[in-house]
């Protein structure tokens, strides 16, 4: 199975090494959501809301795309 390319051209404009790493992390998580048949926007919205509401760091694995539940 071929591996998907993750936004090669746009990531060139991240602005810094730290920005590039952040871009790569976000792009990888969004692609992972797609590969798990999860709507990336719905998953990201739910995940950010949960983090903003004080989701415990000990349960971070429950926020991963493969554990997403509507």
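Things worth noting here:
- Each peptide in 27-36, 46-55 receives the mean, over its residues, of other Cβ atoms within 10 Å, and ordering these scores from highest gives 27-36, 46-55.
- Inter-label distance for residue 29 and residue 50, nm, one decimal - labels placed 7 Å from Cα along Cα-to-Cβ: 1.1 nm
No value in this document is a laboratory result; all are computed from the given coordinates. Keep in mind the model is a prediction, meaning the values are calculated, not measured. Note: ideal-geometry Cβ built from the backbone for every residue, glycine included; neighbour counts use all protein chains shown.
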